[in-house]
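Structure, as C-alpha cells:
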Amino acid sequence: MEQTTKHISGTDVEMFLEKHLNITIKNFVHIQEGKHSDAFLYINNNKEYIARFNVTDEGFLKDKYAYENFSNPNILIPKILEIGSYNNNLFFCISEKVFGETVKEQYGKQDFSSLPIQFETVEAIKATLVNPNDKGFGKWKLNGQTEYDFDKYFSEICIGGILDWTVFKDIPYFDKNFVEYLLTQAKKYSNHSINVRELVHGDFGVGNLFMNEGKVSGIIDWAHSFYGDHFWDVGRIVLFCPNKKETTKIALDFYKSYPNYKERIAWGVYCVMLKNYGVALQSGQEASCLSSAGRIKEIEERLNL
C-alpha cells in the first residue's frame, strides 16, 4: 500500500511537538496539505517555526545539506533544526520560518515585480561551487555526490526519458503528439547544454521562493536539486509565470548577453514542460494537461524562434 500523510492529525502533531520539544505551542496552524507531505506553523518564545511531515526524509536531508553547503547572503536557505521519525512510518523536519510571501502569492495579486530578482537568484545558485570531489550529473545525493554520467543524466532527467509515456495511452486527454513534439524540440536545442555542470534548484520559484520588501528572503525545498544546466530553472520561471508576455520579455532582456540565449531559454521550457506534463498525467490534472500546448505555443511566439 502506498504510504501517504493523508490521515495525519493536526491535534496529534501539536501534542507530539509539545511533548517532544518540551514546550507550549502557540498559534498552531496547518499551512500545507499534500498527498505525501504536510506542513504546520507554530510559535515558541515569540519565534515562528515550520514543522513538516513526509513519507520520506530524503528531501529534509537534502534541505539540511543545502543549508550547510550552499547558503550565503545571495542564497538564503532556512536552517534545519531537527529531522526525526514520527509514528514509526513518517518523518518530521523542524526549520526556521521564512518571512515574506511566496512568488505564487505575488502572482495571485498580479504582481510580477520579482521576475528580474528571480533570474538574478538563479544565477547566484548557478555560480555556487558544487562538491569538488564529485564529477557526476543529475540529482545529488545526501552526501552531495551524484551517480549519473552525463549521458544517463541527460536522457533520464532532461529530455523525459525517465517516463514511459505509453503508460498514459488510455488517458483521454493524453496528447502523444505533444509529447513527441516536446522531445523533438528539447533534443533540437540540447547541444548548448552538453556537459554543462552547474547547481540547479530543480523546483525553483512559485511556492519555493519567498520575497520580503523587494528582496529574496528564502529558498526552500531542495529535494529535486541536481547538477546540470541552470537554464532548467530559467525554464521554470518562464513556464510557470501566468503572465507569459512579462516573463519572456524580462528573460530575453536579462539573458541577451548569453550566446544562443533564446535557444537555451527554450530548451529549459521544453524540458520542464516534459516533466510537468508527466506529473500532471500521473496525478490526474486534466486542466493542466489540456492547457500545456497553448502555454508552449505562446512562449514560442514570444521567444520568436
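The values are calculated or read from the model by the stated rules, or taken from the named source; none is laboratory data. Quick caveat, the model's predicted, so the values are computed rather than measured. Cβ: placed from backbone, ideal geometry, glycine included. Neighbour counts: every protein chain shown. Quick note on the areas: whole protein, heavy atoms, side chains included, nothing else; ligands and nucleic acids left out. Shrake-Rupley method; radii C 1.70, N 1.55, O 1.52, S 1.80 Å.
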### Message
Quick test for you: out of LEU290, LEU239, LEU274, pick the one residue that is at pLDDT 95 or above and open to solvent by less than 50 Å² (accessible area, probe 1.4 Å).
### Response
LEU239
### Query
Among the residues of the range 169-217 satisfying the criterion of being in a helix (DSSP H, G or I) and among the small types (Gly, Ala, Ser), which is farthest from THR128 (Cα to Cα)?
ALA186
### Message
Being open to solvent by 30 Å² or more (accessible area, probe 1.4 Å), free of Cβ contacts under 8 Å to residues at least 60 places away in the same chain and not in a helix (DSSP H, G or I) is true for just one of LYS262, LYS249, LYS256, LYS245. Which residue is that?
### Response
LYS256
### Task
Mind telling me which of the residues ILE77, ILE25, ILE83, ILE43 ends up being in contact with a helix residue (DSSP H, G or I) (Cβ under 6 Å, 6 or more places away or on another chain) and more than 25 Å from ASP203 (Cα to Cα)?
ILE25
#### Entry: Residue selected from the range 148-164 under the condition modelled with pLDDT of 85 or more and outside any helix (DSSP H, G or I), by the criterion least open to solvent (accessible area, probe 1.4 Å)
TYR148
#### Entry: Extreme residue, surrounded by the most Cβ atoms within 10 Å (Cβ to Cβ), among residues of the range 15-40 that are within 19 Å of ILE220 (Cβ to Cβ) and of a type in the set (A, V, I, L, M, F, W, C)
PHE40
### Summary
Scanning the range 110-145 for residues that are open to solvent by less than 60 Å² (accessible area, probe 1.4 Å) and farther than 30 Å from LYS215 by Cβ gives ASP134, GLY136, PHE137, GLY138
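Here's the yes/no breakdown for (1) in a loop (DSSP other than H, G, I, E, B); (2) closer than 22 Å to ILE237 by Cβ; (3) open to solvent by 70 Å² or more (accessible area, probe 1.4 Å); (4) not basic (Lys, Arg):
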{"position": "TYR42", "(1), (2), (3), (4)": "no, no, no, yes"}
{"position": "TYR49", "(1), (2), (3), (4)": "no, no, no, yes"}
{"position": "LEU61", "(1), (2), (3), (4)": "no, no, no, yes"}
{"position": "ASN69", "(1), (2), (3), (4)": "no, no, yes, yes"}
{"position": "ASN88", "(1), (2), (3), (4)": "yes, no, yes, yes"}
{"position": "PHE91", "(1), (2), (3), (4)": "no, no, no, yes"}
### Message
Which residue is surrounded by the most Cβ atoms within 10 Å (Cβ to Cβ), if the candidates are limited to the range 93-109 and must be outside any helix (DSSP H, G or I) and of a type in the set (Lys, Arg)?
### Response
LYS97
